[in-house]
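Written out below as structure tokens is the structure these notes cover.
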Amino acid sequence: MALNPNLPPSASSAQTNPEPGSVDWFAFLDQLQSGNRAALGRALTWVESTRQEDRIRATSLLETLPEPIQPSFRLGVSGIPGVGKSTWAEAYGLLLLRNQPNAKLAVLAVDPSSSVRGGSLLGDKTRMEQLSLHPRAFVRPSPAGTSLGGVTWGTRDSITLCERLGYTHLLVETVGVGQSETAVHDLVDCLLLLLMPASGDGLQGMKKGIMEVADVVAVQKADGLLLSAAQQAAADARAALHFTSAEESNWIVPVQTVSALTGAGMEDLLATLDRFFRHAHASGRWAERRMGQRKKAFWEGLEHAAWELLRSHPDNASRWKELAQSVVENQTDPRRAVEDALRCAELLPGLN
Ligand SMILES: Nc1nc2c(ncn2[C@@H]2O[C@H](COP(=O)(O)OP(=O)(O)OP(=O)(O)O)[C@@H](O)[C@H]2O)c(=O)[nH]1
Ligand SMILES: [Mg+2]
């Protein structure tokens, strides 16, 4: 029985945490599948959570929902703070949804430095005001205060969840700097790197590696007085890519100029992204990349979950703290302390 998606969720399902298999659980699934945003918000908090009971709900949920028939398009957008990622995301979303009447877009954020930068997302929310209101869009601020592993893990499942609920396009914006580019690269089919309209040395303060993982590059803010600087920056980026790019499966990384503010170059950039997607499918690169990502997800997920489980066990927590103190005071050698910590967690046999 499908419920009206515009009705607020009932207290018994979308606002509480129903047990998988219960009557409330099925009511919740119904709301979720009929497009209730509050239900989606709740489901995403389970997926992002590190609490064991939430993880069980998330796993159950992901296993219940069928895989999409058509493969989705997962796009990552990266670039230094202020380059215009959020503005671009909104322009992209509105154009995509206008051009493709059957498309549904979910915007998620990866913020590995959220604990340092705090509430950087409030600004994003306001900048994606129009997109947030679009009936075929869902804008999700990034989960705050989780570790890097947790964020990547949670975002990966958030993507899967949105896809299984009919979102055809996923856009992942990096909010932090530094490690976030590689984190987002592990989550998407295509990584778009946005550059500033300035010809800069040292690749605009970014780590050199980012140029190697970018699939498409665009110089942002190619408008008004910044236009010629943007064109120059694009020429510089092309020259830099000529030396660094690995030219995987015959894809030459295109460098374009764009203005999210005026819309200039947006259609061209969307066409390029589309071309990339078709090329990735035809060359087998898409399937290969997703396979590698799944493999990494397993190992990283196991590492993260095992660590959380051990660390959160009350016996381990107190004993490990004592061991850490003992190491600090130079009473126990770190190597010996690690062995003792594993023994206390029953991961090593005890000494006879
Ligand atoms: N001239 C011009 N300004 C732009 C354009 N896109 C964004 N801006 C401006 O650049 C500033 C930063 O834009 P954001 O979209 O918040 O940039 P961001 O990369 O998301 O920033 P963080 O989330 O802090 O990393 C804002 O003042 C925007 O109005 C553009 O195409 N042209
Ligand atoms: Mg932003």
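Every number here is computed from the coordinates shown, using simple stated rules; none is lab data. Since we're looking at a predicted model, the values are computed, not measured. Don't worry about glycine lacking a Cβ; one is built from the backbone with ideal geometry, like all the others, and counts go over all protein chains shown.
Rounded, prolate or oblate, given the Cα gyration tensor of the range 207-352, with a/c below 1.5 counting as rounded? It is prolate, given that a/c is not under 1.5 and a/b is the larger ratio. As a rough footprinting exposure proxy, the listed residues Ile252, Ile56, Ile80 were ranked by other beta carbons within 10 Å of their own, and the order from fewest upward is Ile252, Ile56, Ile80. Taking a ≥ b ≥ c as the square roots of the eigenvalues of the alpha carbon gyration tensor, the range 293-344 is prolate, as a/c is not under 1.5 and a/b beats b/c.
Using a/c under 1.5 as the rounded threshold, could you call the range 27-68 rounded, prolate or oblate? The axes a ≥ b ≥ c are square roots of the C-alpha gyration tensor eigenvalues, and prolate needs a/b larger than b/c, oblate otherwise.
Oblate, since a/c reaches 1.5 and b/c is not below a/b.
By other beta-carbon atoms within 10 Å, ranking Thr155, Thr50 with the fewest at the front produces Thr50, Thr155.
What pairs from Lys221/Lys296; Lys85/Lys296; Lys104/Lys296; Lys296/Lys321 go past 29 Å between their alpha carbons?
Beyond 29 Å: Lys221/Lys296; Lys296/Lys321.
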